[in-house]
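Take a look at the structure below.
What follows is calculated from the coordinates using simple rules that are stated; it is not laboratory data. Because the structure is a prediction, the values reported are computed rather than measured. Here Cβ is always computed from backbone atoms with ideal geometry, including for glycine, and neighbour counts include all displayed protein chains.
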Protein chains: 2
Amino acid sequence: MGRWEPNARGRLEQAALELYVERGYAQTTVAEIAARAGLTERTFFRHFADKREVLFGGAGTLQELMTGAVADAPEPASPIDAVAAALQTAGAMFQERREAVLRRQSVIAANPELQERELIKLATLGSALAEALRRRGVTDPAASLAAESGVAVLRIAFEQWIGDTGQAELPQLMRASLEELRALTSALR
Amino acid sequence: MGRWEPNARGRLEQAALELYVERGYAQTTVAEIAARAGLTERTFFRHFADKREVLFGGAGTLQELMTGAVADAPEPASPIDAVAAALQTAGAMFQERREAVLRRQSVIAANPELQERELIKLATLGSALAEALRRRGVTDPAASLAAESGVAVLRIAFEQWIGDTGQAELPQLMRASLEELRALTSALR
């Protein structure tokens, strides 16, 4: 009891994703996830509040990576360049874990409640990026506009990537989407 | 029973907003809303599924207005110009009902569950605008990018407008936000 289990969190995440794909999210219990991971329920609850949070535990990491990239963008970077740097960081992270990301996405796509949770996490991410831009001295509405259109670019590039047969890399799709947004808005009359 | 009540829907909406502001959303019952409007609960449920839907009944109208504006934008209009037309339509609608819109917003801001519902409605609006652009022959990802960045512009201009003392008109704020987005993205290196 309480002894250290090597990579318990990662094992629980993997076991949960496997079960959600095999049996469906609603049909899977915490007991089954723990058993599949070779761990106890008690260990599960040391890492996650409930079975839903297994799917969203990575959101904090993503947000830290992206706000860190905004903060670290070299000083002459414009707001959109700082957001572009954050998108590259996020793209590289997802690309590295493509299989797990695709599996997670298939679980979320099958469950409206999880889709709502995903929307909330994306809105939170947008607010955090805007705040990171304001800490760089960017004022509103520019900070919010750059952050929220950045999240729109992320979502759309992500959807292209998961629909793709695997040829395009996500960081390249992010860059292409951002350039497309520039082209689109430049046509404003 | 079943007799026609003049403008029952509008009276119920107004009564609900008044009570939500006075007593709080959670503390208000459908019976109280109906009584305040001088109508029966039965009439309430002919118009709304529950007390939450009183706040979101306008989302369908907004979506129709905006997708209609995209569809009706004169043929040489670029995707972003079609979105700009939709934003003008939405801005004019909100501006016209400023008092009720502000009241509704204060109720939503006080309740996380309602904020989540609002996020879902905005995501649905983004999808509908993207679909309206595709019907104009705009391909993805351009259709989704123009639609979703348009929704970001709407949200941000809306927040400026409700935070404003009432001097700036929403359609002008929408236009200024869209131009700011163009300026921001044009700085992409």
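To the nearest 20 debye, what is the magnitude of the charge dipole of the stretch B:57-186 about its Cα centre, counting +1 on the Cβ of each Lys and Arg and -1 on the Cβ of each Asp and Glu? Could the numbers behind the result be given before it?
Working: 12 positive and 17 negative charges, 29 e Å.
The calculated dipole for the stretch B:57-186 is roughly 140 debye.
Where nothing but the Cβ of Lys and Arg (+1) and of Asp and Glu (-1) is charged, how large is the charge dipole of the protein assembly as shown around its Cα centre, in debye to the nearest 20?
Values: 44 positive and 50 negative charges, 122 e Å.
It comes to approximately 580 debye.
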Label spacing, shortest first and in nm, from B:SER106 to its equivalents in the remaining copies (7 angstrom along Cα→Cβ):
5.0
Take A:TYR20, B:TYR25 and order them by how many other Cβ atoms sit within 10 Å, fewest up front.
B:TYR25, A:TYR20
Karplus (6.51, -1.76, 1.60) ³J(HN,Hα), θ = phi - 60°, over the stretch A:171-182, in Hz, Gly and Pro reported as x:
x, 5, 5, 4, 4, 5, 5, 5, 5, 5, 4, 4
Using a label point 7 Å beyond Cα on the Cα-Cβ vector, give me the inter-copy distances for B:VAL21 in nanometres, one decimal, shortest first.
5.2
Listed residue (A:ALA176, A:ALA143, A:PRO112) projecting farthest to the positive dipole end of the stretch A:110-186, Cβ model:
A:ALA143
Would you report the distance distribution of C-alpha pairs in the protein assembly as shown as whole percents per 20 angstrom bin, up to the bin with the largest distance?
25, 52, 22, 1
I need the inter-copy label distances for B:GLU64: point set 7 Å along Cα to C-beta, values in nm with one decimal, smallest first.
4.9
Nearest 10, in degrees from 0 to 90: the angle of helix B:142-163 to the longest Cα principal axis of chain B is 50 degrees
Taking only C-alpha pairs under 8 Å that are 6+ residues apart, what is the relative contact order of the stretch B:8-54 in percent?
43 percent
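Exposure proxy check: B:ARG46, A:ARG155 ranked by fewest other beta carbons within 10 Å? List each step's numbers first, then the result.
Working: B:ARG46 14, A:ARG155 19.
Least crowded to most crowded, the residues run B:ARG46, A:ARG155.
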Cross-link candidates for A:LYS121: which lysines have Cα within less than 16 Å, leaving aside residues fewer than 8 places away along the same chain?
B:LYS121
Cα centroid separation, the stretch B:148-189 to the stretch B:61-106 (Å):
13 Å
If I histogram all Cα-Cα distances within chain B using bins 5 Å wide from 0, what percent of pairs lands in each bin?
1, 8, 15, 17, 17, 14, 11, 8, 5, 3, 1, 0, 0, 0
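Quick one: A:ARG36, A:ARG135, fewest Cβ neighbours within 10 Å first, how do they rank? Display every interim value, and only then the final one.
Working: A:ARG36 17, A:ARG135 12.
If I rank by nearby Cβ atoms, fewest first, I get A:ARG135, A:ARG36.
Hey, what did the stretch A:1-85 get for relative contact order, percent, Cα under 8 Å, at least 6 apart? Let's see the in-between values first.
Values: 52 pairs, mean separation 19.4, N = 85.
After rounding, I find 23 percent.
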Chain A - percent relative contact order, Cα under 8 Å, separation 6 or more
20 percent
Does anyone have the angle between helix A:112-135 and the longest principal axis of chain A? Alpha-carbon axes, 0 to 90°, nearest 10?
50 degrees
